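Shown next, in structure tokens, is the structure this report addresses.
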Amino acid sequence: MSGDVLLVADVRDAGTLRALEKAGGVRKLARLLKVHPSSVGGWRRVPRERLFAVAAATGLEPETIRPDLK
């Protein structure tokens, strides 16, 4: 299989992707939250305990980021 390329789909949920896009990326969101970029980079979805901080940092509604927590 030499020459084959493995493409890995982003495993983040839509709300997390939207928050990252709004913030300008992993590093910028991490800086806004005062956490290490590797913490944010490992999120499949925004952790419950970070939801309101991410919402405040991005201007998104919490329900937009984590609709499963209504």
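LYS22 sits with roughly 120 Å² accessible to a 1.4 Å probe, with DNA, RNA and ligands left out of the calculation. Highest mobility in the GNM of the chain, judged by mean-square fluctuation with C-alpha springs under 10 Å and restricted to VAL40, VAL11, VAL54, is found for VAL11. In this simple spin-label model, placing a label point 7 Å from the Cα along the Cα-to-Cβ direction at both ASP68 and VAL35 gives a separation of 1.6 nm. Split the accessible area of the chain by element, probe 1.4 Å, and carbon with sulfur accounts for 52%.
For VAL46, the residues whose modelled amide H falls within less than 5 Å of its own, excluding neighbours fewer than 5 places apart on the same chain, are THR16.
In the context of the full set of protein chains, residues of the chain present 73 Å² of accessible surface per residue (probe radius 1.4 Å, heavy atoms only). Listed options for semi-axes √(5λ) of the Cα gyration tensor in Å are (1) 21, 14, 9; (2) 17, 15, 12; (3) 25, 14, 10. The value calculated from this structure is the one marked (3).
The values are calculated or read from the model by the stated rules, or taken from the named source; none is laboratory data. No experiment lies behind these values; they were computed from the predicted model shown. Cβ sites come from the backbone with ideal geometry, for glycine too, and all protein chains shown count toward neighbours. With ligands, DNA and RNA removed, areas are computed over all heavy atoms of the protein, side chains included. Shrake-Rupley method; radii C 1.70, N 1.55, O 1.52, S 1.80 Å.
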